[in-house]
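In what follows, a single structure is set out as structure tokens and then discussed.
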Amino acid sequence: MARFIVERTFPNGLQVPMTDEGAKGCLQIVAVNGEQDVTWVNSYVSLDKTKTYCVYDAPSPEAIRQSARRNNLPVETITQVTVLDPYFYH
């Protein structure tokens, strides 16, 4: 499986409540992603909550786009990446 960084923009800010409702919303995204063999690894959120940088494992960028459409999530860019580990040299 390839690894990707997905950049998203939320002009009004991303709001994920720290409640059961927020947890259910995240689990719904995970379930929809699974239908395309897409795995949401984690996300980084800008301090103003208008940008997210999400790490995904997926078979292709198109699988990520399809899952995003079904989850009503924006996609700015999808970049395939590899890991650079600073401890590799020790």
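Read through the list (1) at pLDDT below 95; (2) among the acidic types (Asp, Glu); (3) surrounded by 11 or more Cβ atoms within 10 Å (Cβ to Cβ), then give the number of the only condition that GLU7 fails.
It fails just one condition, (1).
Look at VAL38 and say whether it is in contact with a Lys or Arg (Cβ under 8 Å, 6 or more places away or on another chain), touching a residue at least 24 places away in the same chain (Cβ under 8 Å), surrounded by 12 or more Cβ atoms within 10 Å (Cβ to Cβ) and not polar (S, T, N, Q).
Answer is no for this residue.
Quick one: which of ASN33, ASN12 is at negative phi, in contact with a helix residue (DSSP H, G or I) (Cβ under 8 Å, 6 or more places away or on another chain) and of a type outside the set (Ser, Thr, Tyr)?
Matching residue, one of ASN33, ASN12: ASN33.
For every residue, the table says whether it meets (1) more than 27 Å from VAL83 (Cβ to Cβ); (2) surrounded by fewer than 13 Cβ atoms within 10 Å (Cβ to Cβ); (3) among the small types (Gly, Ala, Ser).
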| residue | (1), (2), (3) |
| --- | --- |
| GLN15 | yes, yes, no |
| GLY25 | yes, no, yes |
| GLN28 | yes, yes, no |
| GLU62 | no, yes, no |
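The values are calculated or read from the model by the stated rules, or taken from the named source; none is laboratory data. This structure is a prediction, so every number in the text was calculated from the model and none was measured. Backbone-built Cβ (ideal geometry, glycine too); neighbour counts: all protein chains shown.
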